[in-house]
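Q: Handing you this structure, nothing more for now.
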Amino acid sequence: MMKTASSSTSCGSCCVSLKNRRPKGLPNLLITKVCLYLLLFGVVWSITGVQCLPGSNLFGLVILFIVSELGGKLVGLIQLPSLPPFPPLLGMLLAGLLLRNVPYIAEAVYIDTHWSAALRNIALSIILTRAGLGLDPSALRRLKAVCVRVAIGPCVVEACVIAVVSHFLLNLPWIWGFILGFVLAAVSPAVVVPSMLLLQKEGFGVEKGIPTLLMAAGSFDDILAITGFSTCLGIAFSTGSTWMNILKGVLEVVGGVVAGLLLGLFLCCFPSTDQEDLVLRRTLMLLGLSIFSVFCSHVVGYAGAGGLCTLVLAFLAALGWRADKAPVAAMVGRSWDVFQPLLFGLIGAEITVTQLNPNTVGFGVACILVGLVIRLLVTFGLVHLGGFNLKEKLFIAVAWLPKATVQAAIGSKALDLAREQGDDVLVKFGLDVLTLAVLAILITAPIGALGIGLAGPRLLARQVKEGEGEAPPPRQDLIVQEKDGATLESRL
């Protein structure tokens, strides 16, 4: 008995000693991540065998996911003195771009275009679902005129300006110019929302509600851009007379809204609150209907209706669930963590640098810059009567520049449809739209994140909370936190 007790004590001491010697912190995190990535590849290889070897589609998808995830982490760690870090989505985009354009690696990492389009459509469904869940009904009811102007004005004007400029510089047909315009006109909550939350936490601009204004207007700006894009896309790929094409575009909008209302009402009733695993079932039903809506709209020939249907059904379901929507939104957010690297990696992998026309890149950058300048001026003018001073107007204009997630989600849809039709001319137009969407992300996402982080403490007044005393000097190293992609998209 004494020997047993002694051996038990010895084992306990060894366990305690081993526990104290375990690697912790960054070393443990790195080892865990490496093991997870190797395990992911190992499981897929053990199931599929030769189908997961270099040159196969599954191998390309697995490698793309791993490299995009790593690229996002690495870029998120880059931090210059007194400047916020770059958004991780840039690393994911660049990872896909490198895989496509590095010799020998590009041959081994093959991704089927059908699989690529399907995965990007799933990611689009998740983005639109999160957008619908993120809309605040109370904010809708109390929107002031300035919020409506900021949500609608810059988006519509920039889309029209880019349509005109791209028609003359890139020789795009008018309808394709408007497709490009609405793709580039959407602001990015991926950059804006986390930045506004941090400014709000620090008290900058809170007194006049500037962070709330931009977060509320951001969602409506994106919905307007997606609606305009979907309508123009339906017209561009329709056959027949111009009036019939316009009518079809209107039918896509009306049909998408009606279908979303019906499916949203269905989700309000099913599953009932007395069922087990309610959150899981609601999430599965919501995501299932959203993905089905996007894919089914392609099958029936009304591609633009699926996105609107997803937005409406998610918003209506959230209204029915009320306070119970938060757990569902959190679970949908976890699915976005998986598809975010795939989306940006696949978008980057669509671009082959050697096949790019220098004129397209040069004139494309000119289109983007002209659109940004007009957007700045229009935004500054539209908030003129909102009770803001000169510095606050400048900040709002700067904060309304970044573009990222919406461009990645819808930038390739026109190219996918063109490939389905097999029309080389339409494929070229679709590739031009995608190229400019990637350029817009690369140009505006880092500039927007840095601009908000630097301009916020300098241009906005800081509200002092009760009991806090005199406000400390403004922080010049305001950092946009994007933790593992989870807070990257609180609205989208």
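Q: Between the alpha-carbon centers of segment 355-369 and segment 283-299, tell me the distance in whole angstrom.
A: Here the two parts' Cα centres lie 35 Å apart.
Q: Within 10 Å, count the other beta carbons around each residue, average over each peptide in 123-130, 172-179, and list them highest first. Walk me through the intermediate numbers first.
A: Working: 123-130: 27.0, 172-179: 22.0.
The packing order, highest mean first, is 123-130, 172-179.
Q: So what is the accessible area of segment 141-292 per residue, in Å², with the probe set to 1.4 Å? Please list the in-between numbers first.
A: On the way: 6480 Å² over 152 residues.
Result: 43 Å² per residue.
Q: Calculate the dipole size of segment 87-179 relative to its Cα centre from +1 charges on Lys and Arg beta carbons and -1 charges on Asp and Glu beta carbons; express the result in debye to the nearest 20.
A: Values: 7 positive and 4 negative charges, 106 e Å.
With only Lys, Arg, Asp and Glu charged at Cβ, the dipole is about 500 debye.
Q: Place the peptides 385-393, 87-95, 415-423 in order of packing, highest mean first, counting for every residue the other Cβ atoms within 10 Å and averaging per peptide. Intermediate results must be reported in sequence, preceding the final value.
A: Details: 385-393: 14.3, 87-95: 26.8, 415-423: 16.4.
Final packing ranking: 87-95, 415-423, 385-393.
Q: Amide H to amide H, which residues 5 or more places from Phe204 or on other chains are under 5 Å from it, using H placed in the peptide plane?
A: Residues meeting the amide H criterion: Gln463.
Q: Right, next: For the pair Thr354/Phe292, report the inter-label distance in nm, with labels modelled 7 Å from Cα in the Cβ direction.
A: 4.5 nm
Q: So what is the diffusion coefficient of segment 180-338 in µm² per second by Stokes-Einstein at 4 °C and 1.567 mPa s, using a Kirkwood Rh over Cα pairs? Walk me through the intermediate numbers first.
A: Values: Rh = 17.4 Å.
Approximately 74 µm²/s, per Stokes-Einstein.
Q: How far apart, in nanometres, would the label points at Arg458 and Ile31 be if each is projected 7 angstrom from Cα along the Cα-to-Cβ direction?
A: Distance between the two pseudo-spin positions: 4.5 nm.
Q: Also, quick follow-up: Taking θ = phi - 60°, what integer Hz values does the Karplus form 6.51 cos²θ - 1.76 cosθ + 1.60 yield along segment 99-104, in sequence order, with x for Gly and Pro?
A: So the J values, rounded to whole Hz, are 4, 6, 10, 7, x, 6.
Q: Sorted by average packing, counted as other Cβ atoms within 10 angstrom per residue and highest first, what order do 38-50, 337-349 take? Walk me through the numbers before you get to the answer.
A: Values: 38-50: 12.5, 337-349: 24.4.
In decreasing order of mean packing, 38-50, 337-349 become 337-349, 38-50.
Q: Would you mind computing, in nm to one decimal, how far apart the modelled labels at Leu377 and Leu40 are, each placed 7 Å from Cα along Cα→Cβ?
A: 4.6 nm
The values are calculated or read from the model by the stated rules, or taken from the named source; none is laboratory data. Note that the structure is a prediction, hence the values are computed from the model and not measured. Glycine also receives a Cβ, built like all others from the backbone with ideal geometry; neighbour counts cover every protein chain displayed. To get the accessible areas, we keep the full protein, side chains included, count just its heavy atoms, and leave off ligands, DNA and RNA. Shrake-Rupley method; radii C 1.70, N 1.55, O 1.52, S 1.80 Å.
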